[in-house]
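Let me begin by presenting the structure, written as structure tokens, before commenting on it.
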Amino acid sequence: MGKYVCCTGLLKNTWDQVCIAFWQRYPNPYSNHVLTEDIIFREVTPSNCLISRRLLTKTSRAPRWMERYLPKHMTNSAYIIEDSVVDPQKRTMTTLTWNISHARLMSVEERCLYQINQENGSWTEIKREAWISSSLYGLSRAIQEFGLARFKNSVTKTMKGFEYVLSRMQGETPSRTLAETATERARETAMAAKEKAKDLASHAQKKQYV
Amino acid sequence: MNSVGEACTELKREYDQCFNRWFAEHFLKGDRSGDPCTETFRKYQRCVQKAIKEKDIPIDGVEFMGPNKDKPES
């Protein structure tokens, strides 16, 4: 069956600004998980819409219990496709994003519609829908729950990243403070150190048995 | 931002720069007078499509706006 989520977001910038930022949003301080970004198809249709396909590589850290279901070489990153249609006449942008790696284990498809906010014409509204499913027998429920939690977390990061890029485009100082950046850096360093310690410990353990 | 093909990042940067200007200053304003980025796009694509083949990234035959067609509308 899978899970379906729907939510709306608001950016206090014009639709034009949001579309411009959409193509310039990587890298930003909230996109450390995005490793590469490429346009692999682009065309202006006869009806004057811009259609594009973007290929992204993202790190995909699965929880420990899930890792054993992944082939070894695939545990580090995942390929994502993001198709989009920008319609400058209707002032709409539609995107469809989905993973082409690990799709049997977990598939996440997200559809976003960016349009002018009806109450305030200089703001942009994002209607976001997502479908999360897994066809892994016996574990699909647990994996979908995990996928849903991670999706919600990534929506927050996407919006923060967007706001950051938009404010930088307008020459403002992004709202993220230096202290905030420092705290996050420290946390990441601590996490990396912990992982390394675990690795060393397991190596040491293996050696004992040799 | 890096390209998936390490050798393509510089070509990508050149293209992105050209595209971003065209998109903001021409496309969104309804100006349809040709695309100045065709040549930089062609060079960048030659590089990135080669990298995709070498890395066996499975993008062949994936329909545009593909997988979501049979999903229920909300």
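For region A:84-93, which positions are more than 8 Å from every other protein chain (Cβ to nearest Cβ), surrounded by fewer than 20 Cβ atoms within 10 Å (Cβ to Cβ) and assigned to a strand (DSSP E or B)?
Those that are more than 8 Å from every other protein chain (Cβ to nearest Cβ), surrounded by fewer than 20 Cβ atoms within 10 Å (Cβ to Cβ) and assigned to a strand (DSSP E or B): A:Asp87, A:Thr92.
Of everything in region A:105-139, what is among the hydroxyl-bearing types (Ser, Thr, Tyr) and either modelled with pLDDT under 90 or closer than 19 Å to A:Ala21 by Cβ (or both)? Give them in sequence order. Explain how you work it out, then say what you get.
Keep residues of region A:105-139 that are among the hydroxyl-bearing types (Ser, Thr, Tyr), which gives A:107, A:114, A:122, A:124, A:133-135, A:137.
Within region A:105-139, A:Tyr114, A:Ser122, A:Thr124, A:Ser135, A:Tyr137 meet the criteria.
State which residue pairs qualify: first residue more than 8 Å from chain B (Cβ to nearest Cβ) and inside region A:32-44, second residue surrounded by fewer than 15 Cβ atoms within 10 Å (Cβ to Cβ) and part of a strand (DSSP E or B) in any location, beta carbons under 7 Å apart, and separation of 6 or more residues or different chains.
A:His33/A:Thr59
Does B:Phe64 qualify as being among the aromatic types (Phe, Trp, Tyr) and part of a loop (DSSP other than H, G, I, E, B)? Steps first, answer last, please.
Details: among the aromatic types (Phe, Trp, Tyr): yes; part of a loop (DSSP other than H, G, I, E, B): yes.
So B:Phe64 fits the description; yes.
Yes or no, residue by residue, for (1) surrounded by fewer than 16 Cβ atoms within 10 Å (Cβ to Cβ); (2) modelled with pLDDT of 95 or more; (3) facing chain A (nearest Cβ under 9 Å):
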| site | (1), (2), (3) |
| --- | --- |
| B:Asn2 | no, yes, yes |
| B:Gly5 | no, yes, yes |
| B:Lys12 | no, yes, yes |
| B:Tyr15 | no, yes, yes |
| B:Cys18 | no, yes, no |
| B:Phe23 | no, yes, yes |
| B:Phe27 | no, yes, yes |
| B:Ser33 | yes, no, no |
| B:Thr40 | no, yes, no |
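Considering only region A:94-141, state which residues are hydrophobic (A, V, I, L, M, F, W, C), without any contact (Cβ under 8 Å) to a residue 40 or more places away in the chain, in contact with a Lys or Arg (Cβ under 9 Å, 6 or more places away or on another chain) and open to solvent by 20 Å² or more (accessible area, probe 1.4 Å).
Listed by number, the list holds a single entry, A:Leu113.
Of all the residues that make up region A:17-69, how many are more than 18 Å from A:Thr95 (Cα to Cα), polar (S, T, N, Q) and surrounded by fewer than 15 Cβ atoms within 10 Å (Cβ to Cβ)?
Total meeting the criteria: 2.
Check whether at least one residue in region A:175-182 is at pLDDT 90 or above and either surrounded by fewer than 18 Cβ atoms within 10 Å (Cβ to Cβ) or outside any strand (DSSP E or B) (or both), and report yes or no. Write out each step before concluding.
First pass over region A:175-182, keeping only residues at pLDDT 90 or above: none.
The answer is no; no qualifying residue exists.
So, B:Glu54, is that one open to solvent by 50 Å² or more (accessible area, probe 1.4 Å) and closer than 24 Å to A:Asn28 by Cβ or not?
Details: open to solvent by 50 Å² or more (accessible area, probe 1.4 Å): yes; closer than 24 Å to A:Asn28 by Cβ: no.
Judged against the criteria, B:Glu54 is not a match.
The values are calculated or read from the model by the stated rules, or taken from the named source; none is laboratory data. The model shown is predicted, which means the values in this text are computed figures rather than measured ones. Cβ atoms come from the backbone with ideal geometry, glycine included; neighbour counts cover every protein chain shown. SASA here: full protein model, heavy atoms, side chains in, ligands and nucleic acids out. Shrake-Rupley method; radii C 1.70, N 1.55, O 1.52, S 1.80 Å.
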